[in-house]
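Just below is one structure, and these are the notes that go with it.
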Amino acid sequence: MPYIEPASRIVLIVVFSLFSIIRVLYYRRAMTAGYATVIEESRKYSIWLSVFICYEVFTFFLYIWFPQTLAWAGLSLPAWSRILGIVLGVAALLWFVWIHRSLGTNHSARLRIKDRQVLVTDGPYRRIRHPMYSAFYLLHIAVFFLTANWFIGVTWLAGLTFTVVLRVRREEEMLLERFGAEYGSYMERTGRFVPPLKPVRSKPE
Ligand code: SAH
């Protein structure tokens with residue numbers, strides 16, 4: 001399929017741009033909602049996040065505008081893997097929009113608890129505690145298939161894993177501190193990144 005490579009480049013640009021636009025729109029909405037911060041993570045963690053995002057944007061532009069610089073890590077994957085990348089990228093985008101709509105002004109790039117924060121437990125949050133991180137995994141896997149470049153695939157996924165490992169426990173501790181037993185029982189009936197395998201026990205009347 002001769003058009004699959006340019007087509008996956010176009011999908012990559014569209015998906016990456018839409019992800020960034022959605023991110024900025026919802027980030028601004030959350031920042032201007034006028035909520036006060038009650039608990040906040042240390043600045044050192046957000047520095048790492050900024051460095052990692054800059055690295056991703058830099059390698060993304062390198063791949064799009066100067067493809068020769070990363071050609072040494074190119075893989076000759078079959079055409080179906082690019083198509084899989086397109087499907088995963090579009091799915092991640094739609095999933096991401098649904099998550100942001102559900103989380104609303106409770107969202108924040110840096111981990112924090114706000115005074116008027118409510119615990120969201122419906123929509124994508126009904127069975128999964130961190131669907132946004134799952135959406136990022138989906139996006140990163142899509143980027144690997146769309147670029148067919150192992151260097152981008154490995155470093156992006158490793159960076160994401162490091163970010164999530166660094167965040168997820170502290171995030172849950174913060175939410176437990178704020179919502180107590182409500183978050184405790186929410187943890188019992190949900191999975192971190194994928195729905196739990198065990199069936200949910202209905203509470204006795
Ligand atoms: N980890 C979540 C949200 C990421 S945004 C996800 O992957 O979907 C990070 C902010 O969301 C944190 O500052 C935290 O206070 C807030 N948050 C996380 N889960 C929440 C929930 N279920 N309800 C309300 N706010 C939540």
Q) In percent, how large is the relative contact order of the chain, given Cα pairs closer than 8 Å and 6 or more residues apart? A) 29
Q: Working from Cα positions, state the angle (0 to 90°, nearest 10) between the long axis of helix 79-103 and the longest principal axis of the chain.
A: 30
Q | Residue-by-residue Karplus 3J(HN,Hα) for the stretch 43-51, coefficients 6.51, -1.76, 1.60, Hz, glycine and proline x | A | 4, 4, 6, 6, 5, 4, 4, 5, 4
Q: Specify which residue in the list Ser50, Val165, Gly180 is farthest towards the positive end of the charge dipole of the stretch 4-188, using unit charges on the beta carbon of Lys, Arg (+1) and Asp, Glu (-1), about the Cα centre.
A: Ser50
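What full-extension length gain, to one decimal in nm, is calculated for Lys44 and Leu157 as 0.36 nm per residue of separation minus the Cα-Cα distance? Before the final figure, lay out each step's value.
Details: separation 113, 0.36 × 113 = 40.68 nm, distance 2.11 nm.
Here the segment from Lys44 to Leu157 would lengthen by 38.6 nm.
Rule-based calculations on the coordinates, nothing more; no lab input. Only a predicted model underlies this, so the values are computations on that prediction, with no experimental measurement involved. Every residue, glycine as well, gets a Cβ built from its backbone with ideal geometry; the counts of neighbours run over all protein chains shown.
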